[in-house]
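What follows is calculated from the coordinates using simple rules that are stated; it is not laboratory data. Treat the numbers as computed from the prediction; the structure is a model and nothing was measured. Quick reminder, even Gly has a Cβ in these numbers, built from the backbone with ideal geometry, and neighbours come from all protein chains shown.
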Amino acid sequence: MARTMSTENDTPDTTPAEPAIGEVYAEYERLRAEHPVSRNDDGLWLVARYDDVRHVLKAHRDYSSEVSQRIADDPDNPPSMLFSDPPTHDRLRALVSRAFTPRTIERQEEQIAARCEELMEGLTSSDHGDLVTELAAPLPVGVIATMLGVEDGDFVEFKRWSDAIFTNIGEILIGTPSEEAIAANEEMSAYFLDRIADLRRAPREHLLSDLVYVETEEGRLTDAELLMFCRLLLIAGNETTTSLIVSAARVFNDMPESFARLKDAPQLIPSFVEETLRFHSPFKATMRKATRDLELAGAKIAAGELILPLIASANRDERVFDRAAEFELERSPNPHLAFGLGIHVCLGAPLARLEGRIAIAAMLRRLKGISLDVPDSPELDQFGAPNSVMVTLQRAA
Ligand code: HEM
């Protein structure tokens, strides 16, 4: 929240100013150096160093993912894979992984490229535009909608529901949904239940249809589990991918030479994507709950307490990355934790990488350069993706 002006007769405004751009990384650096595992004012444990974040993500028996406020054992509200532990997690992940295969992702290349071209056409129709609303947000939403079999005529509604429900990952993890979000969720659920019923009668060629028919010894996914998965794809996949595309533009703004370098050597795009994920990690932190009394880097964490592994801090840890505070286009190796690690490692990482590469290649093809109108906006470092980022485009002839 921005600090407001106060007049002579007002009581002074004590609203804390939003941290300036980059301040959050300075704070992470301080935490890594002085308080690698510390407790914040809300009682959450912050884990700042790479090795400790890695440990928390891998030790799922000690650090549970069951952190959401869901009512346990409600068949209409089954656990999401992201917020569940084994054996529930393993069953859901095994089923979903059978449909969400490398081939499924490869099959998306054409639709991603076509969608990206169409959106880039719109964005580059003038010298000035909104990178988020014209490219970075509609691209991943459209890709997932197509994978879930949303028909063209239903796209506008679908976009409205996902905007209302999925404002930001931080809120989803720790906030309570608004009335608008609840209503949109109900509408979207009704829509997908109809689609699932249609698919049970006649399969189609898309991810949701594959998910309806996927089976292991433990059976198929229920309607409620299928709905949960549709929601999870939107939560986990959209805003993070939007952030990745915005961050790429941010790097081009801050280091215009990286744009020129990639134009000459497009084979470096995958390496650029990995470094962007490390440098401006879209999923800045996740959450875990201690299953028993634990000790981490000397800190004593009691059973039931909540822990935030700070992925964005781990990815800047100078103990692991040389020149960690610098963007190195050809960094290798680059063992960043942007997609997590262990049993919850991001299922959509290949899709996110593909979307990122295609969007960046399209920018390089159509532009000579791109700059952010407000490159020091604190929104760029916030927990979720910004709602709007105005950019000036140097269009290629
Ligand atoms: C740049 C984009 C992305 C980033 C940085 C990202 C990051 C992450 C991270 C850090 C986790 C693990 C969270 C934890 O351990 O608590 C995760 C899990 C997950 N992500 Fe992604 N993600 C991205 C894109 C996507 C996309 C495009 C999809 C699918 C369409 C997706 C689907 C998932 C799913 C289903 C999980 C849960 C996996 C499980 O619990 O087993 N993500 N993601």
Candidates TYR50, TYR213, TYR28: whichever shows maximal mean-square fluctuation once the chain is modelled as a Gaussian network with Cα springs under 10 Å
TYR213
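Any idea what % of Cα-Cα pairs in region 291-364 are farther than 14 Å?
Across region 291-364, Cα pairs with separations above 14 Å total 75 percent.
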Calculated FRET value between GLU328 and ASP376, using beta carbons and R₀ = 22 Å, to 0.05:
0.50
Round to the nearest 0.05 the FRET efficiency obtained for ILE343 and ARG107 when R0 = 22 Å and r is the Cβ-Cβ distance.
0.25
Pull up all non-local amide H partners of ARG395: gap of 5 or more, or a different chain, and H-to-H distance under 5 Å with H placed in the peptide plane.
LYS368
Considering the Cα positions of region 38-395, please state its Rg to one decimal place and its Dmax as a whole number of Å.
20.4, 58
Report, ordered by chain and residue number, the lysines lying within cross-link reach of LYS263, taken as a straight Cα distance under 25 Å and ignoring same-chain residues fewer than 8 apart.
LYS368
Using the count of nearby Cβ atoms within 10 Å as a rough guide to exposure, how do THR222, THR146 rank from fewest to most?
THR222, THR146
So between ARG98 and ALA297, what do we pick up on full extension, going 0.36 nm a residue minus the alpha carbon distance?
67.8 nm
Hypothetical label at HIS35: residues of region 366-397 whose amide nitrogen lies under 15 Å (7 Å Cα-Cβ projection)
none
Picking from GLY342, GLY384, GLY219, which is most flexible by a Gaussian network model of the chain using Cα springs under 10 Å?
GLY219
Among GLY153, GLY142, GLY43, which one moves the most in a GNM of the chain with springs linking Cα atoms closer than 10 Å?
GLY153
Two-site FRET efficiency, ILE21 against LYS58, from Cβ-Cβ distance with R₀ of 30 Å, rounded to 0.05
0.40
A correct fewest-to-most ranking of THR242, THR286, THR104 by other Cβ atoms within 10 Å would be THR104, THR286, THR242
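Would you please report the Å³ per residue occupied by the convex hull of the alpha carbon atoms in region 202-274?
Values: hull volume 10.1 nm³, N = 73.
Once divided by residue count, the hull of region 202-274 is 139 Å³.
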Past the 14 angstrom mark, what percentage of all C-alpha to C-alpha distances in region 85-142 do you count?
66 percent
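Give me the Kirkwood hydrodynamic radius of region 191-315, using the inverse of the mean 1/r over all pairs of distinct Cα atoms, in Å to one decimal.
18.7 Å
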Figure the gain on full extension for TYR213 and GLU117 (residue separation times 0.36 nm, minus the Cα-Cα span) and round it to one decimal in nm.
31.3 nm
Please work out the Cα center distance from region 325-397 to region 250-287, rounded to the nearest Å.
6 Å
Likely footprinting exposure, ARG292, ARG49, fewest C-beta neighbours within 10 Å first:
ARG292, ARG49
Give me the number: length gained by fully extending HIS128 to ARG201, i.e. 0.36 nm times residue separation minus the C-alpha to C-alpha distance, one decimal in nm.
21.5 nm
Within the chain, which DSSP H helices have Cα atoms that stretch 27 Å or more along the helix axis and a mean Kyte-Doolittle hydropathy of at least 0.5?
223-254
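Which net charge results for the neighbourhood of ASP154, defined as the other residues with beta-carbon distances under 14 angstrom from its beta-carbon, given Lys and Arg at +1 and Asp and Glu at -1?
Net of charged neighbours comes to -3.
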